[in-house]
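The values are calculated or read from the model by the stated rules, or taken from the named source; none is laboratory data. All of these numbers come straight from a predicted model, not from anything done at the bench. Backbone-built Cβ (ideal geometry, glycine too); neighbour counts: all protein chains shown.
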Amino acid sequence: MHVLHYKMKSLKPKLQVWNKTVVGNFHNRVHLAQQQLSEAQLATDQLGYSMDRSQLELDCLTRYSQALNLLNSFWQEKSKNISFWREIGTQHTFIGKLKSGRLRDISASSRMGRRF
């Protein structure tokens, strides 16, 4: 067990570096893609239409859409984790025990003289 602990401990900084370099910050990605798209659209408005500017705007729009999809996936995954932990927490509260019937079983057996 100690070996696993030290392996995980040594892996943590490497994963943090990987996360920052490969995955990055989703909010910054969306903001950067939005800025690039705005600049491409502004250039098209000011300089007029051309095939190059149209292709640049399409590329920026694609990057912006991908960044938004990544951010959406991130928040969906995060909400699944939150609802999972909320469900686990609810099961261990007084109301959760009452709903599941565990509290009734305990109170009924205590009335019959049983001790836990």
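General observations
- For the stretch 29-52, the criterion of being polar (S, T, N, Q), without any contact (Cβ under 8 Å) to a residue 60 or more places away in the chain, outside any loop (DSSP other than H, G, I, E, B) and loosely packed, with under 10 Cβ neighbours inside 10 Å is satisfied by at least one residue.
- LEU70 modelled with pLDDT of 70 or more and not β-branched (Val, Ile, Thr): yes
- In the condition set (1) among the β-branched types (Val, Ile, Thr); (2) over 22 Å from VAL23 (Cβ atoms); (3) within 33 Å of the chain's Cα centre (by Cα), THR62 is compliant with all but (2).
- Qualifying positions in the stretch 1-36 - more than 30 Å from LEU61 (Cα to Cα) and charged (D, E, K, R): LYS7, LYS9, LYS12, LYS14
- Among the residues examined, GLN16 does not qualify as over 20 Å from PHE74 (Cβ atoms) and assigned to a helix (DSSP H, G or I).
- Out of GLN46, GLN66, GLN55, sole residue that is under 16 Å from GLY24 (Cβ atoms) and of a type in the set (S, T, N, Q): GLN66
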